[in-house]
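Undergrad: The structure under discussion is supplied below as structure tokens; questions concerning it will follow.
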Amino acid sequence: MDEEASHNPCDNFYLEAFDNLKRERQVGMGLGPIPWSAMVLYAQTCNLDGPNTDDFVLVMKVMDDAYLEWHDKQAEQKDKQRSPRGGRNTKPK
């Protein structure tokens, strides 16, 4: 079965929203969360009312938390692969 066909329209709405909003996060020393203000503005742009905006923000936060957790694990694995000593960057003396 086609992956896109397995999603209902509501799933697609949230997936598209997350894809658009992930570009709004702050990037510094690491990946930051999607700002609440960006989520609310997106909900308003989609004409969601108050309770639906609250639900939308909650779903986006859950998705973002899961993404950030996955991203951190990927970064840890890359660090471990780069260093032969389990992630430590040590130089011989």
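The values are calculated or read from the model by the stated rules, or taken from the named source; none is laboratory data. Since this is a predicted model, take the numbers as computed values, not measurements. Here the Cβ positions follow ideal geometry from the backbone for every residue, glycine too, while neighbour counts run over all protein chains shown.
Undergrad: From the list L15, L58, L31, L21, pick out the single residue that is modelled with pLDDT of 90 or more, surrounded by 15 or more Cβ atoms within 10 Å (Cβ to Cβ) and closer than 30 Å to E76 by Cα.
TA: L21
Undergrad: Could you grab me the full set of residues in the stretch 5-36 that are over 12 Å from M60 (Cβ atoms) and not in a loop (DSSP other than H, G, I, E, B)?
TA: Passing the criteria: A5, S6, P9, C10, D11, N12, R23, V27, L31.
Undergrad: Here is a follow-up. Only residues in the stretch 36-62 that are more than 14 Å from E24 (Cβ to Cβ) and of a type in the set (A, V, I, L, M) count as the first member; pair them with residues that are surrounded by 12 or more Cβ atoms within 10 Å (Cβ to Cβ) and modelled with pLDDT of 95 or more, Cβ under 6 angstrom, at least 6 apart or cross-chain, and list the lot.
TA: Matching pairs, first to second residue: L48/F56; V59/Y14.
Undergrad: Can you tell me which condition K73 does not meet? The list is (1) modelled with pLDDT of 95 or more; (2) in a helix (DSSP H, G or I), and all the others hold.
TA: Here K73 clears every test but (1).
Undergrad: Looking only at the stretch 39-55, how many residues end up being in a helix (DSSP H, G or I) and more than 14 Å from N20 (Cα to Cα)?
TA: 7
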